[in-house]
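What follows is a short report on a single structure.
Since every read-out is calculated from the coordinates, none of them should be taken as a lab result. All values reported here derive from a predicted model rather than from experimental measurement. Glycine also receives a Cβ, built like all others from the backbone with ideal geometry; neighbour counts cover every protein chain displayed.
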Amino acid sequence: MKRQHAFAGYVLVGLGAFFLLRQLKVPILTNFYSWPTLLIIIGLAFLIHSYRSKDYQHLFTGTILLGLGLHFHGLEHYSFWINHWAMYPLIVGIAFLVRYTKTKHGLLIGAGLTIFSLLMVYSVKFQETFQWIPSLFQFLETYWPIALIIVGIYLLTKKK
């Protein structure tokens, strides 16, 4: 029998622990007394609820919230943390891959986003190797409507 209020219970336990530890001012956890921790708690609640109830539709949401919480926490507290726009598609790609482990949907999108994001993040460090990327983006910016036309023609000519 499924417990209907399990997700709310996980969130309340997580939030209660967060605020209790914040009140007690535990010195080891002072870096976690911030708003990104709330995203981490809610993301973990989604993930725990999904795995415990074997209802995997919330794995994607949980992974997104957990990833964003970890990313914002890292930006706030660690000087070595990568502050690059490609971190956001990386989080989405990882969310697709996590969901794929249980639902078998989204492997191609997840792998593609993850590889693309990692390539973009590290392209800054290897500019000599990836000097073709700015020209590729300029090409895509100019001719992206062609992709819409091609997809539209495909949809119009595709047999059912």
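Tabulated values for the structure
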quantity: Three semi-axes of the equivalent ellipsoid, region 36-84, Cα gyration tensor, whole Å, largest first; calculated: 25, 9, 6
quantity: Shape of region 87-160, Cα gyration tensor, a/c cut at 1.5; calculated: oblate
quantity: Residue exposure sequence - VAL13, VAL151, VAL121 - by fewest surrounding Cβ within 10 Å; calculated: VAL151, VAL13, VAL121
quantity: Loop-resident sites, region 19-89, for chymotrypsin sites (Phe, Trp or Tyr not before Pro), counting at most 11 other Cβ within 10 Å (DSSP); calculated: TYR78, PHE80, TRP85
quantity: Sequence-separation-based contact order of region 57-160, relative, with Cα cut under 8 Å and 6+ spacing, percent; calculated: 21
quantity: Gain on full stretching of the segment that runs from ASN83 to ALA147 - 0.36 nm per residue minus C-alpha separation; calculated: 20.0 nm
quantity: Top of ILE150, ILE94, ILE82 by mean-square fluctuation, Gaussian network on the chain, Cα under 10 Å; calculated: ILE150
quantity: Largest-first principal axis extents of the Cα set of region 85-125 (Å); calculated: 35, 14, 10
